[in-house]
Amino acid sequence: MDQDQRDKDSGIRLREYRPADAAAFTEGYEDPVFRRFSRPDTGPPAPTGHVIADERTDEVLGGIGLNAASPGRRQAEVTFWVGPWARRRGVATAALRAFDQYAFGSGLERLELLIHWDNPAAQRVAMAAGYTREGVRRGALPSASGGRDDMLVYTRLAGDPQEPATRLLPDLPGGELTDGVVTLRPLAESDVDFYTELHTLADVIATSVPPVPMPADEIRQRCFRAEAQWLAGTRADLIITDAATGAQAGEIGLYYQEPPLAQAMIGYSMLPAYRGRGLTTRAAQLVALWAFAETDIVRLIAGALPTNVGSKRVLEKAGFRQEAYQRSRLPGPDGTRVDDVQYVLLAGDLLAQASSTG
């Protein structure tokens, strides 16, 4: 980098590495977050990369550089890190935007970021800098356990705008939804034990699709990748808690499978101790209100087995209307097929129900 690359709005600049930066780079390498997501075959952040520095004080904030460059294809992978002393200030996003200008100005036409599924902070940086999630590269990098990790691929082309990527499913306002009786919060890594307890219940398994126990590694993966799925706009997984005690009561999820049709689906499960108290209905209403107010969704659907009287009551009390009876729609036990009763809720239905109840 012949000249400093600056981002005046954020107060950072990119410059060449200097020997005096070694201590900060070593401290960055010792950071647990850096070590968690760094490649096991690498050492400290490479001094050959560019330094992210405070424009006013010249303090080292992090580093950024190119990896796996392919001049013939005019593409390369971008890698970056920000020290714990400089996070949550927009440093990484500003640095990535500034570095992109430098990389594209040097003749590259395609930049990639390879990001771990359970690194939502880096995914948010990529999206804020105008990168698009392109897909998943299976077994892309060696893992600390000796295996290989799948990596999310975010890309930006030279002609792409720098505006933040559009979110189909925005974050919850204030990080949660509540009506004072139930509170919904995003599923997290710390919920593995609760999720395991819930999804090993016989009746929860029986109403799952397909109706088979969820393997332990899939449960862990569901919890660790929940925020990545939310950021991608594919699903929003939530834990239902008792607002008075904070106890975990169940789960509810919104699955945005048909964005072109503005249609999404909800599904839910509850621990036996919390059933029959109207908590699931409240949770369904909270999710519906959020979806209609904060997203482009115009239709919410849900399904229930014809014999699942409790689930059908939940949906009806939440304002859903039975729309169809679909024969042999779902996989059943032992290779059989089972019928599905489909319900739908429109924004207007929810408003009408609210008006009728005052």
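Structure values in brief
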| read-out | value |
| --- | --- |
| Residue-by-residue Karplus 3J(HN,Hα) for the stretch 227-242, coefficients 6.51, -1.76, 1.60, Hz, glycine and proline x | 5, 5, 5, 4, 4, 6, x, 8, 7, 10, 8, 10, 9, 8, 10, 6 |
| Carbon plus sulfur fraction of accessible area for the stretch 25-160, probe 1.4 Å, in percent | 48 percent |
| The stretch 189-286 - accessible surface per residue (Å², probe 1.4 Å) | 44 Å² |
| Alpha-carbon centroid distance for the pair the stretch 215-292 / the stretch 10-29, whole angstrom | 42 Å |
| Prolate/oblate/rounded label for the stretch 211-358 (Cα gyration tensor, a/c 1.5) | rounded |
| R0 of 41 Å, Cβ-Cβ distance THR245-ARG18: FRET efficiency to nearest 0.05 | 0.15 |
| Separation between Cα centres of the stretch 192-206 and the stretch 136-187, rounded to whole Å | 25 Å |
| For a label point 7 Å along the Cα-to-beta-carbon line of GLU176, residues of the stretch 231-246 with backbone N under 16 Å | 238-246 |
| Computed log₁₀ I(q)/I(0) - Debye formula, equal Cα scatterers, no solvent, the stretch 202-276, q 0.18, 0.19, 0.23 Å⁻¹ | -0.89, -0.98, -1.25 |
| In nm, spacing of pseudo-spin labels at GLU189 and SER328 (7 Å Cα→C-beta vector) | 4.6 nm |
| Rounded FRET efficiency, nearest 0.05, which uses the C-beta distance separating SER106 from LEU346 and R0 of 45 Å | 0.30 |
| Options GLY139, GLN342, GLY49, ranked by Cα towards positive dipole end of the chain, top entry (Cβ charges) | GLN342 |
| Mean Cβ count within 10 Å, highest first, over the residues of peptides 286-295, 18-27 | 286-295, 18-27 |
| Separation of the ASP296 and SER145 label points, Cα + 7 Å toward Cβ, nm | 3.7 nm |
| Global form of the stretch 65-169, assessed from the alpha-carbon gyration tensor, a/c cut-off 1.5 | rounded |
| Contour excess over end-to-end distance, with Cα ends at ASP160 and ARG220 and 0.36 nm allotted per residue | 18.1 nm |
| DSSP bridge pairs, the chain: antiparallel proportion in percent, nearest 5 | 90 percent |
| Mean ellipticity per residue at 222 nm, deg cm²/dmol - from DSSP H runs of n ≥ 4 across the chain, formula -39500 (n - 2.57) | -8000 deg cm²/dmol |
| Kirkwood Rh in Å, taken over the chain so that all alpha-carbon pairs contribute | 22.9 Å |
| Of all accessible heavy-atom area on the stretch 187-237, the percent that carbon and sulfur account for (1.4 Å) | 54 percent |
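The values are calculated or read from the model by the stated rules, or taken from the named source; none is laboratory data. Just so you know, these numbers come straight off a predicted model, no measurement behind them. As a convention, Cβ positions derive from the backbone with ideal geometry for all residues, glycine included, and neighbour counts pool all protein chains shown. When the accessible area is computed, the model is the full protein with side chains, heavy atoms only, and any ligands, DNA or RNA have been set aside. Shrake-Rupley method; radii C 1.70, N 1.55, O 1.52, S 1.80 Å.
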